[in-house]
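S.K.: Pasting a structure below so you can have a look.
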Amino acid sequence: MDPIILNSTLWIGGIGLVSAVALAIAEKYLSTPEDPRIGKVTELLPGANCGGCGFAGCADYARAIVTQDAECNQCAPGGAASATAIAAFLGRTVAALEKRSALVLCCGDDTEATRRADYNGINDCAAAQATAGGDKGCTYGCLGYGTCARVCPVNAISVVNGLARVDKDKCIACGKCVAACPRKIIRLVPADAGIHVLCSSKDKGPAVKKVCGTGCIGCRICTKFADGAIAMDGFLAVVDYSKPLTNEETIAKCPAHCIRKA
């Protein structure tokens, strides 16, 4: 064998051997063993790794609970069961976790809302929004290209007739759809809330009616029957989910038919 090649091989092998020994010594004497409670807390989480808790995944959240005293009730998929089990294991108390669900604040599907252009680009809401502000006549309405559905980890969102719809029984309230929607019309609301204003347009009534048959026209009639649970944000009626809204007369009296059960 060529002496140069032999020497090079020996040097490289020697360096590798020394490095391996150094790493083994460092692993034995310098590493910090992980708290075994982290693994147990990870097992008590559902394993969805959705990121809705604000951490990279279930293991990262478990580590934060154990080492950083993060709250036990931030896992929406696990709900009260996971929070209670984790708190009991760690000897903590935990506040009740309100179950939430994503809600698309728009009801203007392709039978009700107009399209002002033919969009032939990427089938993505963000791409459509970046193309002259989107093709929908209402600049606040759901674009309907399914970006929210594609990021949903549990397939709780479908697009029907150009409008995203959430199956609240499947929704785990991870918030990924909220972050993905370029028009910011998806909101996490209490899962037991039954009556909603499904519109996000802040335009005046005449402008709304030109582009959508079910958009809020700002008539304020609903506020008379909602016992303070609906307030006006300019020309848009908005539900205050901290107050109970059970009076179905708000649905019956809405002339635009954008107040609905969902």
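The values are calculated or read from the model by the stated rules, or taken from the named source; none is laboratory data. These numbers come from a predicted model, not from an experiment. Note that each Cβ is placed from the backbone with ideal geometry, even for glycine, and that neighbours are counted across all protein chains shown.
S.K.: Checking residue 149 against (1) assigned to a loop (DSSP other than H, G, I, E, B); (2) out of contact with any Gly (no Cβ under 6 Å at 6 or more places or on another chain): exactly one of these is not met. Which one?
M.R.: Of (1) assigned to a loop (DSSP other than H, G, I, E, B); (2) out of contact with any Gly (no Cβ under 6 Å at 6 or more places or on another chain), only one is false for residue 149: (1).
S.K.: Can you tell me which residue among 97, 103 is aliphatic (A, V, I, L, M) and touching a strand residue (DSSP E or B) at 6+ places or on another chain (Cβ under 8 Å)?
M.R.: 103
S.K.: Let me ask something else. Could you please find all residues in segment 66-119 being in contact with a helix residue (DSSP H, G or I) (Cβ under 6 Å, 6 or more places away or on another chain), crowded, with 17+ Cβ neighbours inside 10 Å and under 30 Å from residue 215 (Cβ atoms)?
M.R.: 102, 119
Yes or no, residue by residue, for (1) crowded, with 21+ Cβ neighbours inside 10 Å; (2) under 11 Å from the mean Cα position of the chain (by Cα); (3) in a loop (DSSP other than H, G, I, E, B):
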{"position": "153", "(1), (2), (3)": "no, yes, yes"}
{"position": "158", "(1), (2), (3)": "no, no, no"}
{"position": "164", "(1), (2), (3)": "yes, no, no"}
{"position": "168", "(1), (2), (3)": "no, no, yes"}
{"position": "187", "(1), (2), (3)": "no, yes, no"}
{"position": "207", "(1), (2), (3)": "no, no, no"}
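S.K.: Scan segment 85-114 for residues that are farther than 19 Å from residue 72 by Cα and either among the aliphatic types (A, V, I, L, M) or without any contact (Cβ under 8 Å) to a residue 40 or more places away in the chain (or both) and jot them down.
M.R.: 102, 103, 104, 105, 113
S.K.: For the condition modelled with pLDDT of 90 or more, under 30 Å from residue 93 (Cβ atoms) and touching an Asp or Glu at 6+ places or on another chain (Cβ under 9 Å), what is the one hit in 63, 37?
M.R.: One residue alone meets the criteria, 63.
S.K.: While we're on this one: Please determine whether any residue of segment 75-96 is touching a Pro at 6+ places or on another chain (Cβ under 6 Å) and at pLDDT below 95.
M.R.: The answer is yes, given that some residue of segment 75-96 is touching a Pro at 6+ places or on another chain (Cβ under 6 Å) and at pLDDT below 95.
S.K.: Can you name the number of the only condition in (1) part of a helix (DSSP H, G or I); (2) without any contact (Cβ under 8 Å) to a residue 40 or more places away in the chain that residue 177 fails?
M.R.: It fails just one condition, (2).
S.K.: Taking residue 129 and the conditions (1) of a type in the set (S, T, N, Q); (2) assigned to a helix (DSSP H, G or I); (3) not assigned by TED's automatic domain parsing to the domain that holds residue 193, which numbered condition does it fall short on, given that it satisfies the others?
M.R.: (3)
S.K.: Please specify each residue of segment 79-134 satisfying the condition of being more than 21 Å from residue 236 (Cβ to Cβ) and acidic (Asp, Glu).
M.R.: 98, 110, 118, 124
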